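Enquirer: The structure's right below; bear with me while I get my questions together.
Computed from the coordinates by the stated procedures, all read-outs in this text should not be read as laboratory data. Here the structure is a predicted model, which is why all the values come from computation and not from measurement. So basically every Cβ, Gly included, is an ideal-geometry build from the backbone, and we count neighbours across all protein chains shown.
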Amino acid sequence: MYKKTIDNFKKTVLVTGGAGFIGSHLCEALLKKGYYVICVDNFFTGRKENIQHLLNHENFELIRHDVTQPFFVEADEIYHLACPASPPHYQYNPIKTAKTNFIGTYNMLGVAKRTNAKILLASTSEVYGDPEIHPQHEEYRGHVNMLGPRACYDEGKRVAETLMMDYHRQHDTDVRIVRIFNTYGPNMDPNDGRVVSNFIMQALQNKNITIFGDGSQTRSFQYVSDLVKGMILMMEQNNFKGPVNLGNPHELSIKELAEQVIKKTKSSSKIIFEELPADDPERRKPDISLAKKKLNWEPSIAFNKGITSTIDYFSDFLKKTN
Ligand code: NAD
Ligand code: UDP
């Protein structure tokens, strides 16, 4: 059995992708619980600003590392988030995205196996592809175009889930899989191309709001603090590997989202319609019965409240950069 090198009293938690949007909130929540947090990130889409306030914390350690390369560290728990999440970013270098999902997950499972750590994979609702059932429950096996531009991410996450289950069956690794639905909140990269950040940034600057397609496609948006609570609850579970959906079932069309953002920001932006990207899912809404039953979890932040603090975050960002 390995001997811990860092601190024998605190739980050591590795967070890959810890400088990203969700990872930065997770690092903060784990530090609040008194854990020693090792944040690993290659800064492809992560930003130092997201974790700047944590850098001097005595229990926080930042390591610049790409998870596609082998990595050796001792940990009790691993939250594996490293992977670009916005379509323009994961499609920028699709081969790298597939490698991050496959080789990156394989390397982190190696750490889990060697150090006997629990490992949680941040999977995605994208494993359901453009779903034929609504809402999506965990037993649904999905409708993914393995040849399309989203496949590097969708199939990448699907193979990452497969690796998790194979490590569990073959090596008895203690694995957990969460399937995250669209999440928003402070620390999103203002330029990463996701719909919430795009619309708020456009509205705050009175620029045209770019709806792809006719805006009838739907998403269900969860606030980041709800997700982080769900992820930690999942790590704390015994005898439940998942996969489990973590999302907010409050479903909105993209057009409704644009209208709400315009109203909330009192913007003079006009809506314009652009071409719908290939394989863009038509509807998405989580069935969260399993999370309710197994984790006693459900989201608590209403869209109205979450979107207001997200608008405040981007508004501060614009003030600082202008
Ligand atoms: P993000 O892009 O803000 O964060 C991803 C982080 O991973 C970044 O800090 C990035 O620099 C880092 N990273 C990327 N490739 C890496 C590599 N090869 N090695 C080391 N670090 C690497 O995205 P996010 O929204 O915070 O998403 C975090 C995780 O949650 C991702 O795995 C994503 O697939 C998953 N997820 C997010 C959402 C969402 O709505 N935000 C939905 C479903 C799943
Ligand atoms: N979208 C849009 N305008 C934008 C960015 C995205 O209309 O400026 C649409 C996109 O086509 C999709 C939805 O908003 O239908 C959510 O897109 P996002 O990239 O946030 O996430 P995902 O498609 O992965 O759920």
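Enquirer: Under a 5 Å amide H to amide H cut-off, with H placed in plane at 1.01 Å, what residues pair with GLY142 once short-range neighbours are removed?
Expert: Here the answer is none, since no amide H 5 or more places off falls under 5 Å of that of GLY142.
Enquirer: Let me ask something else. With Cβ to Cβ distances under 14 Å as the rule, what net charge do the other residues near GLY148 carry (K, R +1; D, E -1)?
Expert: -4
Enquirer: In terms of the Cα gyration tensor, with a ≥ b ≥ c the square roots of its eigenvalues, is region 261-306 rounded because a/c is under 1.5, prolate because a/b exceeds b/c, or oblate?
Expert: oblate
Enquirer: How would region 41-196 be classified by its alpha-carbon gyration tensor: rounded, prolate or oblate, with rounded meaning a/c under 1.5 and the a/b versus b/c comparison settling the rest?
Expert: Oblate.
Enquirer: Tell me, what HN-Hα J-couplings in whole Hz come from the Karplus equation 6.51 cos²θ - 1.76 cosθ + 1.60 at θ = phi - 60° for each residue of region 274-283, using x for Gly and Pro?
Expert: With coefficients 6.51, -1.76 and 1.60, one gets 10, 4, 6, x, 4, 6, 5, x, 7, 9 Hz.
Enquirer: Let me ask you something else. Starting with the highest mean, order 167-173, 185-191, 22-28 by the number of other Cβ atoms within 10 Å, averaged over the residues of each peptide.
Expert: 22-28, 185-191, 167-173
Enquirer: Residues with amide H under 5 Å of GLY242's amide H, sequence separation 5 or more or different chain, H placed in the peptide plane at 1.01 Å from N; which?
Expert: Distant-sequence amide H within range of GLY242: ILE177.
Enquirer: Arranged by the count of other C-beta atoms within 10 angstrom, fewest first, what order do ILE307, ILE200, ILE95 take?
Expert: Listing ILE307, ILE200, ILE95 from fewest to most nearby Cβ atoms yields ILE95, ILE307, ILE200.
Enquirer: Where is the GNM fluctuation largest for the chain (alpha-carbon springs, 10 angstrom cutoff): GLU161, GLU298, GLU256?
Expert: GLU256
Enquirer: By a straight-distance test (C-alpha under 22 Å), which lysines pair with LYS320 as possible cross-link partners, with residues fewer than eight away in the same chain excluded?
Expert: Within reach: LYS48, LYS207, LYS264, LYS266.
Enquirer: For a 27 Å ceiling on Cα separation, which of these pairs sit above it: LYS33/LYS99; LYS118/LYS157; LYS263/LYS292; LYS33/LYS293?
Expert: LYS33/LYS99; LYS263/LYS292
Enquirer: Residues with beta-carbon under 12 Å from that of THR124, excluding THR124: net charge, scoring Lys, Arg +1 and Asp, Glu -1?
Expert: Here the charged neighbours net out to +1.
Enquirer: Amide H to amide H, which residues 5 or more places from GLY18 or on other chains are under 5 Å from it, using H placed in the peptide plane?
Expert: Close amide H contacts, sequence-distant or interchain: VAL40.
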